[in-house]
Structures are given as structure tokens and as C-alpha cells.
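The values are calculated or read from the model by the stated rules, or taken from the named source; none is laboratory data. Note that the coordinates shown come from a computational prediction; the quantities given were computed from them, not determined experimentally. Glycine gets a Cβ as well: all are built from the backbone with ideal geometry, and neighbour counts include every protein chain shown.
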Amino acid sequence: MGRTVICDDTKEVCFSYEEYLKSKHWQRFRLKALKQHGKHCMLCGEDNIPFFHVHHLTYDNIGHELMEDVVVLCPLCHSIVHIEGFDIKAALKRSVRTAKPIRPKKKKTPEEIQKRKEYRERERVRIGNKKKKLKKQKNIAKKAVKVI
Ligand SMILES: [Zn+2]
Ligand SMILES: [Zn+2]
């Protein structure tokens, strides 16, 4: 970006893109974008990282960006986008609109799988017992009706 930018709301004047990224306007917009798009990488779904990048899809509206002009990315996807010139617009056409992440399947540890299994078994027994109890109550109720 070789042109001077005057931020719409803060009226800051920036002479380079680096300077612009430090502007109050951008910092504010960045936080807004993170809030609106959600704290997850819109490409890979990563949401368990301390810092997200807000990437410009277009530099046309610098200083007065629209929410659709930016996407939230993890540092890795961001570097891929810049280094490989990845066609992020095509890839994001769906997810930008809904802002829904494509969640990567996290690998579960054997303990987690075991815990889950035990939980399911407990739930099965619990629900089974409840059903039995209900049936019993129903039968008692039926008998009671007959007696009357
Ligand atoms: Zn990512
Ligand atoms: Zn970028």
C-alpha cells in the first residue's frame, strides 16, 4: 500500500500499511471483526490459540473497512494465504456468510475415549433404570385402574 490513509472515524493519517496496522482505527476495527466473525480461523477452524490475525480480503476500503472486507485467520493459514496466494475468497464464500468454522476433528486421547465410553454406559444404565421405573409405575397405575 503506497498511499496515505486517513481513517474515517479517528482521522488518523497513516503513510504506510505498517503504520495503519498500528492505528487506533484498525485496532478498534480488528476487535470488532474478532467479535463479529468469532475467534476461530475461518479457514481451518482453529480456535485454541491466543492470537488471531485479521486479514484484508481487499485493500480498497482501508480506513473504512466493511466487515466483509476482512477474515479471521490463524497465523499459519494467514501465512499460507500470503505466501501461496491461496484463493481465500473462493474458499470462504460459504463460511464468511455464515461465519461458521470448519472444525478440525481433534484427536482424542485413549483416556478421553475411555471416559466417554464410561459416561455413555452410565447414561445408558441411568436411562434404562428410569424407563423400568416408569414402566413399573405405569403397570401399577393400570392395575389400580382395574381394581377401581
Ligand atoms: Zn487456520
Ligand atoms: Zn493478511
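Here are the numbers for this structure:
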| item | result |
| --- | --- |
| Top-ranked residue in region 45-75 [being touching a residue at least 40 places away in the same chain (Cβ under 8 Å) and touching a Cys at 6+ places or on another chain (Cβ under 7 Å); ranked as surrounded by the fewest Cβ atoms within 10 Å (Cβ to Cβ)] | E46 |
| Residue check, K35 closer than 24 Å to F86 by Cα and among the basic types (K, R) | no |
| Residue within region 102-114 that is modelled with pLDDT under 80, in a helix (DSSP H, G or I) and loosely packed, with under 10 Cβ neighbours inside 10 Å present | no |
| Helices (runs of 4 or more DSSP H) (entirely within region 1-97) containing at least 3 residues that are modelled with pLDDT of 95 or more and aliphatic (A, V, I, L, M) | 24-37 |
| Within region 19-44, considering residues that are surrounded by 17 or more Cβ atoms within 10 Å (Cβ to Cβ) and within 16 Å of ligand 1 (Cβ to nearest atom), the one nearest to the chain's Cα centre (by Cα) | H40 |
